[in-house]
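Everything below concerns the one structure shown next.
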Amino acid sequence: MMAYKFSALLMAALLPAALWAQSQSFSLSEALQYGVEHNTKVQSAALDVEDAQATVDNRISSGLPQINGSIDYQNFFKLPTSLIPAEFFGGEPGDFIPVQFGTEQNVTVGISASQLIFNGAWLVGVSAARTYVGLVESQQKLSEQEVKQNVETAYYSVLIAKEFESLLQKNIDNLNKVYVEVDAMLKQGFVEEIDLDRLTISKATLETQLANAKRQTGVAEAYLKFSMGLDMATPITLTDALPSMQDADDAAVNANNYLNRPEFTILNTLVALNEYNVRVNKAMYLPTVALYGQYNTNAQRNAFNFFSSGEPWFQVGLVGVKMDIPIFSGMQRQSNVTSAQVGLEKARLDQQNATQGILLEIQKTQTDYTNAIADLETQQKNIELAQKIYNTALIKYREGVGSSLELNNAESTLYGAQGNYIASLYNVLTAKTALTKSLGNY
């Protein structure tokens, strides 16, 4: 009974951990969506958008009515002294009589308000702040695009790593069969022991490569989780298979949305912001007009009896309009306008240069992808030919008309062709993601 209770408690304790470590399955599209929602870089970009919107609200609020209240209490334990000419009271000219005016206890309660009527810099600044929000939103889209590219590359890396594992395991299985055959031939005296030793070395090498490949697969899966924003301790299962070469080719060639790349929007927005900067500095020459008002009520006592009824309170109120007219700033405003115009010209040059760079990137990624496809086709033919050579060498060896050295060379050629195929496959898929990104298809 005690053993049963202990087992039940142990299962209850381990159950949350088991649920926490439950494997999650992802297709490529699901992995991309998960990355956009959970990657910390994208989440940080979303917070930047919120901050930019708060900047717009702050800029707008500075032109809305500003209302403030105040309470000022003063206790004059020593009243201020003023000097009055003595001749006012029949004294000698040049002499002064010290007198004290006022009360010991004073309270002033007031409210003030102001409203901006016209300020050119404020009007332009609000429009610039809204444009800045668009810039930050484009930067968020750029972050999402980069995350998608990283997730897709990592997803393919895991699939390729598993494909390499599969090839190595297939080679080991085939080698084990040959090993059994050669071992039997050795016992019958048809081959030398060195033939079996060579197979033993090949088998050990392949098993070591397989163990290394499995560790590399673990690293690839960890990078995929990191790119997606998935907890590293969560087991992951990929449901999509490696795309065929034709599938990848069609997916890239049909992408033609490069004008919608967030980089284009960012470049245009930066030019617009510099145009606003010129307008803001030119607006500094314009006057600023503001309406303001104030109302105060004041009580003066010799005792702290401000809450007593019947005691007098003295009121004062005013409204006014104020105009600040810039006249001369020592050429500071002019230099600011010149600097803003220089910044605008630089932004336009950067836009032109970056646009040409994007077009160059597209041309390069298209060339890289075409070359990668051509290389993959070559490697596929090579691996087929290497497999044919290996099969022929194996038949000749079994029939006693081929040497173990010839079989070993054919085996090395096959393994090299397989390695080249895996590398070429990785190049094709990474070239595809680069081309997809350059064409604005994420």
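State the number of residues belonging to the range 85-122 that are in contact (Cβ under 8 Å) with a residue 40 or more places away in the chain and either outside any helix (DSSP H, G or I) or loosely packed, with under 13 Cβ neighbours inside 10 Å (or both).
Final tally of qualifying residues: 18.
Taking the criterion of being in contact with an Asp or Glu (Cβ under 8 Å, 6 or more places away or on another chain), farther than 30 Å from E263 by Cβ, modelled with pLDDT under 95 and hydroxyl-bearing (S, T, Y), would at least one residue in the range 107-114 satisfy it?
Among the residues of the range 107-114, at least one is in contact with an Asp or Glu (Cβ under 8 Å, 6 or more places away or on another chain), farther than 30 Å from E263 by Cβ, modelled with pLDDT under 95 and hydroxyl-bearing (S, T, Y), which makes the answer yes.
I need a count of the residues in the range 177-196 that are under 57 Å from the mean Cα position of the chain (by Cα) and either loosely packed, with under 13 Cβ neighbours inside 10 Å or over 16 Å from N408 (Cα atoms) (or both).
Result for the range 177-196: 2.
When the residues of the range 157-176 are filtered to those that are among the β-branched types (V, I, T) and buried (at least 19 other Cβ atoms within 10 Å of the Cβ), which remaining residue is nearest to N408 (Cα to Cα)?
Only one residue tops the list, namely I160.
Show the residue pairs that are 6+ apart or on different chains and have beta-carbon atoms under 6 Å apart, the first residue being within the range 337-366 and of a type in the set (D, E, K, R) and open to solvent by less than 40 Å² (accessible area, probe 1.4 Å), the second being part of a helix (DSSP H, G or I) and modelled with pLDDT of 95 or more.
Partner pairs satisfying both residue conditions: none exist.
Can you find a residue that is more than 30 Å from L273 (Cα to Cα), of a type outside the set (A, V, I, L, M, F, W, C), open to solvent by 20 Å² or more (accessible area, probe 1.4 Å) and without any contact (Cβ under 8 Å) to a residue 60 or more places away in the chain anywhere in the range 422-442?
Scanning the range 422-442 turns up at least one residue that is more than 30 Å from L273 (Cα to Cα), of a type outside the set (A, V, I, L, M, F, W, C), open to solvent by 20 Å² or more (accessible area, probe 1.4 Å) and without any contact (Cβ under 8 Å) to a residue 60 or more places away in the chain.
Hey, which of the helices (runs of 4 or more DSSP H) in the range 1-84, taking only ones fully inside, have at least 1 residues that are at pLDDT 85 or above?
28-38, 40-61
Where the second residue is surrounded by 16 or more Cβ atoms within 10 Å (Cβ to Cβ) and the first is part of a loop (DSSP other than H, G, I, E, B) and lies in the range 221-240, which pairs have Cβ atoms under 6 Å and are six or more apart or on separate chains?
Listed pairs, sorted by first residue: G229/N39; M232/K225; D240/L28.
The values are calculated or read from the model by the stated rules, or taken from the named source; none is laboratory data. Worth saying up front: this structure is predicted, and the values here are computed from it rather than measured. Quick reminder, even Gly has a Cβ in these numbers, built from the backbone with ideal geometry, and neighbours come from all protein chains shown. The protein model used for the area step is the full one, side chains on, heavy atoms only, and it has no ligands, DNA or RNA in it. Shrake-Rupley method; radii C 1.70, N 1.55, O 1.52, S 1.80 Å.
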